[in-house]
Every structure is written in structure tokens, then in C-alpha cells.
Amino acid sequence: MGKVLCFGELLLRLPPANAGEWLRMNQMPVFIGGAELNVATALANWKIPAKYCTALPDNIISKDIREYLEQKNIDTSPFIYGGERIGLYYLKEGADMKSEENVFDRKYSSFSTLSTGIVDWDKILSDVSWFHFSAIAPAVSESAAALCAEALEAASKKNITISIDLNYRSLLWKYGKQPKEVMPGLVKYCNVIMGNIWSANTLLDIPVAANIHQNATRENYLHHATTSAQHIFESFPKCEWVANTFRFDADASKVEYYATLNTIKEQVVSPLFHITTVVDKVGSGDCFMAGLIYGIICKHPAEQIISFAAAAAFGKLQEKGDATHNSVSQIEHILEQNRK
């Protein structure tokens, strides 16, 4: 089995305590993450060989980060040093990544300014059997989008399996192009597409019913997931798997979570997960993506793949930090508890 290469921008997350308490206490925690790094961290934790490619400035902070990731058994050999800074973002404790209170500070970061024609993809991909990225990477800058295209073309030529997480960040797409102008040209290379029916609409122009919430039943959402997947299969012939997640947490006292996995022939659905307390929403989708990759690589049956991925994401909601620390056995225990 080759390695899973995760490609994207490494970020440092600073969560200011609510009501300005971080100022009075003169302290703020730091979490290391980024969508693709969170996937690599989970996979390495589950004994899947993981490799991570990003761009960082050549300074002592980057060296500390690299040593930290290597201790987690992540291959950091593809790191590219150059540029001026590491991307940051500030997200208040307990807030959602899509919250308007999320403050990105990543303009002119090393990753966002990295040009094409510099990365030796042939060398980086030499021991890789799976390439993963997210829709956040091409949203950062026009040069980052071009770099994604360069990487995907190189991976595709080597017949490497390619996956994408269709995570949409409205605060990022600021360089003059709409997602629908950029993303289809990247997704055409993908074999595995994960997201939800709304992000597929925003990023890929896949239809979604305007009145979908008027009949807000699980059966209705499952039907729309299949319809959305069928449109994706027709638009992107290389795609073999489409996963959709559904998390409903408008009522803070009750969170519902489930997911679907579609192939051209069938749809399988995870158990329905319930929780009353969310510790940290950051990284839940990344954990799901890692679970999806894990199950497909291990050649598990489709129902087992989607159930494990959903249980991993659900478990992450109860963990602090950006990436999961749960083992495979712990996730399987979460799954069994929620099947009862």
C-alpha cells in the first residue's frame, strides 16, 4: 500500500475565550491544523501511512511544527520552505468554522503565494497511492488554485486515487473568481467526492431544491443526496464514490448527525447519531473524510465505510482540538453504542 498524500495549507488556530477573557488572562491556546493536515493526522493515528505537503516559511516555528508532526508519524518530506508567514485564524471557543465570527489571517502566507513550476511532483508522488485535498486550498488564492491543478494533473497521470472534501468558506473566495468557475476543473480528476448537497450546489453548480427544508425529514434529505450524487456522477465521470454528511444543530440541546455514501448502483446510510453536548466543532468533517479514506483503502463494505466515517466525525465533536485522537477501536465502540 502506498502513502496517502494530503495537500493544503497548514494553519494555526487561536481560539479567544469568550467575552474578552483571553485579554484579561493574557493567554490564548494554539492548535495546529488545516483541513488536509487534520485528515493526515487521523490516518497516521489509524496506522495508514500518511504524507503531508504544504508550504511554510523557513524559520524556527516551522521547524518546531515539522518535528511535532513527525512525532505523530506523518511524513513531512514534501514540505516546501519559502514565503513569509504561516496562516492563522481566530475562532471563538465552540463556534462553527462557517461562523461570521471566524477571522482569517492568512493573506500572503507561504502556501497562498507558492507558484507553479516549483514543486517536484514526480518525486513527491513516487510512493503515493492516494492524493487528498479540499476546496479550501484553491479558495486561498489564484496561485493556490493553479497549484492544485498542477498537482492533480500529475497525480492523475500516475493513476493515483484522488479525493476532495467540498468544504466551502465564503470568507476565503476573494480573488475575483467564483467557486463554480474554479472547482469543476479540479473535481474532474476526483474519484471520491465528499461534502453535502449544499456545498455541491455552491461549488459545483449541482442542483438542490430551493424548498428542501419545507419537508425536513430524513427520508427527504436521503433522496436529495442520491439525486445530487447522480448529477455528480454524470458531470464528473471519474467519480466512483459520493459521500454526504448531515448535521442539524440549530437546537443546542439536540444535535443530529448522519451520512450517506452513494455509488452509481446504490446508497448506503450510516446510523443516526444524537448528542446533547458539543465540545469542539472544528475538524469533524476532516475526521469524516479520514474515515472515508480509511474504509475505502481497507476495502470495507460500503455500509461499514460510511458508518465508521460518521462515527469518527461524531466522536470528534466531543474532542477538543483540530484533529481526532480517537483510535479505530474507540470509534468502533462509538459506532456500536449508537446502533443500540
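The values are calculated or read from the model by the stated rules, or taken from the named source; none is laboratory data. None of the values given here were measured: they were computed from a predicted structure. Every residue, glycine as well, gets a Cβ built from its backbone with ideal geometry; the counts of neighbours run over all protein chains shown.
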* Asked: Considering only residues of segment 229-266 that are farther than 22 Å from residue 189 by Cα, touching a strand residue (DSSP E or B) at 6+ places or on another chain (Cβ under 8 Å) and among the aliphatic types (A, V, I, L, M), which is modelled with the lowest pLDDT?
  -> 255
* Sole exception among (1) surrounded by fewer than 17 Cβ atoms within 10 Å (Cβ to Cβ); (2) under 21 Å from residue 166 (Cβ atoms) for residue 295, by number -> (1)
* Can you tell me which of 173, 121 is closer than 23 Å to residue 13 by Cα and without any contact (Cβ under 8 Å) to a residue 40 or more places away in the chain? -> 173
* Determine if segment 274-289 includes at least one residue that is touching a Gly at 6+ places or on another chain (Cβ under 6 Å) and either of a type outside the set (Ser, Thr, Tyr) or closer than 21 Å to residue 49 by Cα (or both). => no
* Structure fact -> Selection from segment 4-21 of residues surrounded by fewer than 20 Cβ atoms within 10 Å (Cβ to Cβ) and not polar (S, T, N, Q) yields 12, 14, 16, 17, 19, 20, 21
* To do: Select from segment 1-51 the residues that are more than 16 Å from the chain's Cα centre (by Cα) and among the small types (Gly, Ala, Ser) and write down the one among them that is nearest to residue 80 (Cα to Cα).
  => 2
* **Odd one out for residue 22 among (1) modelled with pLDDT under 95; (2) touching a helix residue (DSSP H, G or I) at 6+ places or on another chain (Cβ under 8 Å)** => (2)
* Asked: Taking into account only those residues within segment 302-340 that are more than 11 Å from residue 284 (Cα to Cα) and of a type in the set (A, V, I, L, M), which is surrounded by the most Cβ atoms within 10 Å (Cβ to Cβ)?
  -> 306
* Structure fact -> Going through segment 253-267 in order, the residues found to be under 12 Å from residue 302 (Cβ atoms) and either free of Cβ contacts under 8 Å to residues at least 24 places away in the same chain or among the polar types (S, T, N, Q) (or both) are 260, 262, 263, 265, 267
* Please specify each residue of segment 6-19 satisfying the condition of being of a type outside the set (Gly, Ala, Ser) and either in a helix (DSSP H, G or I) or in contact with a helix residue (DSSP H, G or I) (Cβ under 7 Å, 6 or more places away or on another chain) (or both). => 6, 7, 9, 10, 16, 18
* To do: Identify all residues within segment 300-333 that are among the acidic types (Asp, Glu), part of a loop (DSSP other than H, G, I, E, B) and touching a strand residue (DSSP E or B) at 6+ places or on another chain (Cβ under 9 Å); write none if there are none.
  => 322
* To do: Please work out which residue is farthest from the chain's Cα centre (by Cα), limiting yourself to segment 257-283 and to residues that are charged (D, E, K, R) and surrounded by 15 or more Cβ atoms within 10 Å (Cβ to Cβ).
  => 280
* **Unmet requirement for residue 240, which otherwise passes all of (1) farther than 26 Å from residue 156 by Cα; (2) surrounded by fewer than 19 Cβ atoms within 10 Å (Cβ to Cβ); (3) touching a Ser or Thr at 6+ places or on another chain (Cβ under 7 Å); (4) not hydroxyl-bearing (Ser, Thr, Tyr)** => (1)
* Could we say that residue 80 is farther than 17 Å from residue 323 by Cβ, modelled with pLDDT of 95 or more and out of contact with any strand residue (DSSP E or B) (no Cβ under 9 Å at 6 or more places or on another chain) here? -> no
